[in-house]
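Here's the structure we're looking at; comments come further down.
Quick note: the coordinates plus some simple rules give every number you see, no bench work behind them. Keep in mind the model is a prediction, meaning the values are calculated, not measured. No Cβ is skipped: glycine too gets one built from the backbone with ideal geometry, and neighbour counts run over all protein chains shown.
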């Protein structure tokens, strides 16, 4: 398969039915209560399959029943419910019948942890495919699939384009995750939506999984395009989670803050360490200081190529633009007046330093895109934390993913306000999903846990929804009222040019033409928050289209109109971003 897929795979046998000839049936043989020996035997090799709880078996049966009716499924399972075991059990049925399984995960780091679990089930039938694998290894996987070998493929979104003529099931874990969306470079696509398209043209069953489903998937359930299967209990009983909001403004007034960390949280951390529990601390920004400011004149150094502040990376001793990647040596001297530069705010690197100061006897590690650049280092960080060799893990969004760390009893987000109030209609949805994911990292076994949110806005609606366990449908009402996705489709036309005046003129002409030709809401050209990257100014026109029979026609008109007006505009680049995040 791949981009040139053009035909469905037709088979009289459902891929999850009884074993095909040459494959064994299941032989129950306990292995620590987690798997059985012998469900998959091929050419003398025995594989393992997970033992499911009663709730998991019920969910699996519902999923397979929907598959048999030709329905795609959304598996909504609370954190710790064991969705991965359900995936593996279904995959065992598929592999037993000589078909391949494609399972997508949002992050490379998550694939590394899952690889060990899946390899324990399926042995060398388990392969991992993502951009950091060597070309030789990726080509080898492609060749094995092209030759009809049935494999369990664990990969990121790029794995969707592998050749797989005998695909038997597509699984998308954490389907709500924004990492599935590729914006730069082209092609710009959403891995979840591409998986749905792949399912439609191959006939392969599709299973989406999440503890916090995207509004798009909830909409598709309500529209009958997805069947919902829920699992509402944890695999391991017990493990209650208390949520604590800490008002950092109030704490500062009574001198209850020690830098970016409240003294209340410090006390909770000490109690957790005294009980030999593990801790995860989340900060949305990497680096040591997100911005620098001159003590004398107030100057805040910016990237000369972008309208963005430079971040200070103390460990490596440089300033970096997190948009174009430019790096500059750090002297600590203001380029404007020669004064002294001071850090403003705290990134993960500074948080790690603070934790080492506060808890010198604890073993602390940091996981962000800086430390994850080295695959071996990233793997060691995760391995040490999983094995209890590390007490405290500081990190960015990477640590919020579906990791299964059994001894974590305290999770804290140090500045939750960085997630809310953004210039994005999805901000509250994304913030709530991230908070739920972080909360789900603690108390995954029998021990109770605490989830701490440090915020200056404890009354924000996002926190109320978290505490009240509000159903996602409630958060969709405002979207429906104002005709925002998922009730409409959004298309962005992003225009870039080094000539700001010409860009503004071109965008104005395009806006006028679209307003006359397109039956939808056409937004005026606006600048994004970072309105210049790599020396190019940026303007965006956002278009909301009704979900009706004319949708495809409207998208074609948008394409043709932009192409007609902008194609010959010297120095102006443009691209389309459908369903932006």
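Sorting 519-528, 272-281 by average packing, meaning the other beta carbons within 10 Å per residue, from highest down gives 272-281, 519-528.
Using a 7 Å offset from Cα along Cα-Cβ at residue 68, what residues in the stretch 177-221 end up with backbone N under 19 Å from the label point? 204-207, by backbone N distance to the label point.
If R0 is 30 Å, the Cβ-Cβ spacing of residue 530 and residue 556 corresponds to a FRET efficiency of close to 0.45. Between the C-alpha center of the stretch 155-227 and that of the stretch 525-541 there is a gap of 30 Å.
Mind running the shape call on the stretch 484-536? Use the C-alpha gyration tensor, a ≥ b ≥ c as the square roots of the eigenvalues: rounded below 1.5 for a/c, prolate if a/b tops b/c, oblate otherwise. It comes out oblate by the Cα gyration axes.
The residue 547 and residue 457 beta-carbon pair, evaluated with R₀ = 41 Å, returns a calculated FRET efficiency of approximately 0.75. Taking the DSSP beta bridges with both ends in the stretch 35-231, the antiparallel portion is around 25 percent.
Once you have a ≥ b ≥ c as the square roots of the Cα gyration tensor eigenvalues for the stretch 488-578, tell me rounded if a/c is under 1.5, and otherwise prolate or oblate according to whether a/b is larger than b/c. Prolate, because a/c is 1.5 or more and a/b exceeds b/c. Taking 0.36 nm per residue of separation and subtracting the Cα-Cα distance, full extension of the segment from residue 502 to residue 237 would add 89.1 nm. For the chain, the Kirkwood radius over C-alpha pairs fed into Stokes-Einstein at 37 °C and 0.692 mPa s yields D = 127 µm² per second.
Subtract the Cα-Cα distance of residue 342 and residue 54 from 0.36 nm times their separation in residues, and report this length gain in nm to one decimal.
Values: separation 288, 0.36 × 288 = 103.68 nm, distance 5.72 nm.
The span from residue 342 to residue 54 would gain 98.0 nm if fully extended.
Taking a ≥ b ≥ c as the square roots of the eigenvalues of the alpha carbon gyration tensor, the stretch 175-279 is prolate, as a/c is not under 1.5 and a/b beats b/c.
So if each residue of separation counts as 0.36 nm, and I subtract the Cα-Cα distance between residue 258 and residue 513, what length gain in nm does that give?
86.2 nm
Need one number: % antiparallel among DSSP beta bridges in the chain, to the nearest 5. About 50 percent, rounded to the nearest 5.
Taking every alpha-carbon pair under 8 Å whose residues sit at least 6 apart, the chain reaches a relative contact order of 13 percent. Placing dummy labels 7 Å off each Cα toward the beta-carbon, the span from residue 139 to residue 384 is 3.6 nm.
Divide by every residue of the chain the summed helix terms, -39500 (n - 2.57) for each DSSP H run of at least 4, and state the resulting mean residue ellipticity at 222 nm, rounded to the nearest 500 deg cm²/dmol.
On the way: 15 runs with 182 residues, N = 581.
So the calculated ellipticity at 222 nm is -10000 deg cm²/dmol.
Estimated from the Cβ-Cβ distance and a Förster radius of 45 angstrom, the FRET efficiency linking residue 230 and residue 307 is about 0.50.
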